[in-house]
1. Tell me which residues, restricted to region 26-55, are surrounded by fewer than 20 Cβ atoms within 10 Å (Cβ to Cβ) and without any contact (Cβ under 8 Å) to a residue 40 or more places away in the chain.
2. Residues being part of a loop (DSSP other than H, G, I, E, B) and among the hydrophobic types (A, V, I, L, M, F, W, C): count how many of those fall in region 215-269.
3. Looking at the structure I just gave you, is VAL96 open to solvent by less than 10 Å² (accessible area, probe 1.4 Å), over 18 Å from GLU212 (Cβ atoms), more than 15 Å from ligand 2 (Cβ to nearest atom) and not small (Gly, Ala, Ser)?
4. Looking only at region 164-178, decide whether some residue is away from ligand 1 (no atom under 16 Å from the Cβ), in contact with a Ser or Thr (Cβ under 6 Å, 6 or more places away or on another chain) and more than 20 Å from ILE13 (Cα to Cα).
5. Within region 57-65, can one find any residue that is within 17 Å of TRP229 (Cβ to Cβ) and of a type outside the set (Asp, Glu)?
6. Could you list all residues from region 24-55 that are in contact with a Phe, Trp or Tyr (Cβ under 9 Å, 6 or more places away or on another chain) and either hydroxyl-bearing (Ser, Thr, Tyr) or over 19 Å from GLY99 (Cα atoms) (or both)?
7. Determine whether MET207 is touching a residue at least 12 places away in the same chain (Cβ under 8 Å) and away from ligand 1 (no atom under 16 Å from the Cβ).
8. State yes or no: is ARG132 within 16 Å of ligand 3 (Cβ to nearest atom) and touching a His at 6+ places or on another chain (Cβ under 8 Å)?
Amino acid sequence: MDDTSGRVTKDGIRIYEAADFEGMQAAGHCAARILDEVAELVVPGVTTEALDDFIRNRVTELGAVSATIGYRGYQHASCISVNHVVCHGIPGPKTVKDGDILNIDVTVILDGWYGDTSRMYVAGNLSRKAERLIEVTHDALMLGIEQVRPGNTFGDIGHAIQKYAEGHRMSVVRDFCGHGLGRQFHEPPNVLHYGRAGSGPVLEEGMFFTIEPMINLGRPETKVLADDWTAVTRDKSLSAQFEHSIGVTADGCEIFTLSPTNRFHPTWG
Ligand code: MF3
Ligand code: CO
Ligand code: CO
């Protein structure tokens, strides 16, 4: 397959062909299915490395390859970010406690196509403030996705997310963003989860990218721990994230990473 085929916009964003949607659907479905399956394992007492072991095995069993194992030295099939961890939490021997909220982020490569998705899970009983955070973060992602159609801009996506999250007195993380993906893990553009309506590159049919807002109950600042991966809120406030991989269609978008059993949100399914 020729990686340089097809068109790239002046902003460096690749425009994929109609036939490429099928590859992305299959990869996205695979990643979403694994996130559905891991849900029942998220209970108090489980270790995050046990969750990662399950994910790594399922990736292989489904005929895919983990995109994260070996990516810039990362060693795991998932990122698992607990409570005040914003993203890139490294699975390990620590056990999950009652009331913990977890983001599990999985990226697979299937037939050369990337499927990248994450969602929130709850171990045991959910506190009211965590529930609110998860709800707002989920809805912010979906409002961002509603902006995706040819002629709108990337700024419209970020603006919708920021307006909604800040309207609920929560904050949008600036230090990490969504990204183009397709036959590569990360390609242009950076998909910001904040911004001005009408700013940024114009959306065109055939663009593939993720939207993956990280929303904090407190302030937006993050710091990366000494392991060089784990990003946490500086003020130790709770953080949540949801991620879909999507493709722009003639009149809107297609979500490649829809949950096959309707479990994208932790209180559904
Ligand atoms: N899946 C993450 C994203 O949404 C990236 C994880 S890279 C890793 O872009 F190396 F930390 F796994
Ligand atoms: Co991503
Ligand atoms: Co991801």
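The values are calculated or read from the model by the stated rules, or taken from the named source; none is laboratory data. The structure presented is a predicted model; accordingly, all values stated were derived computationally and were not measured. Ideal geometry is used to build each Cβ from the backbone, glycine not excepted, and the neighbour counts take in all protein chains shown. In case anyone asks, the SASA skips ligands and DNA or RNA and just uses the protein heavy atoms, side chains included. Shrake-Rupley method; radii C 1.70, N 1.55, O 1.52, S 1.80 Å.
1. GLU37, GLU40, LEU41, ALA50, ASP53, PHE54
2. Taking region 215-269 and keeping what is part of a loop (DSSP other than H, G, I, E, B), we get 217-221, 225-230, 234-238, 242, 249-252, 256-269.
In the following step, the residues that additionally are among the hydrophobic types (A, V, I, L, M, F, W, C) were identified as 217, 225-226, 229, 238, 242, 250, 256, 258, 264, 268.
The qualifying residues number 11.
3. Details: open to solvent by less than 10 Å² (accessible area, probe 1.4 Å): yes; over 18 Å from GLU212 (Cβ atoms): yes; more than 15 Å from ligand 2 (Cβ to nearest atom): yes; not small (Gly, Ala, Ser): yes.
Spelling it out, VAL96 is indeed open to solvent by less than 10 Å² (accessible area, probe 1.4 Å), over 18 Å from GLU212 (Cβ atoms), more than 15 Å from ligand 2 (Cβ to nearest atom) and not small (Gly, Ala, Ser).
4. no
5. Of region 57-65, the ones within 17 Å of TRP229 (Cβ to Cβ) are none.
No, the conditions are met nowhere in region 57-65.
6. MET24, GLN25, ALA26, ALA27, GLY28, HIS29, ALA31, ALA32, ILE34, LEU35, ASP36, GLU37
7. On the way: touching a residue at least 12 places away in the same chain (Cβ under 8 Å): yes; away from ligand 1 (no atom under 16 Å from the Cβ): yes.
It is true that MET207 is touching a residue at least 12 places away in the same chain (Cβ under 8 Å) and away from ligand 1 (no atom under 16 Å from the Cβ).
8. On the way: within 16 Å of ligand 3 (Cβ to nearest atom): no; touching a His at 6+ places or on another chain (Cβ under 8 Å): yes.
No; evaluated as a whole, the condition is false for this residue.
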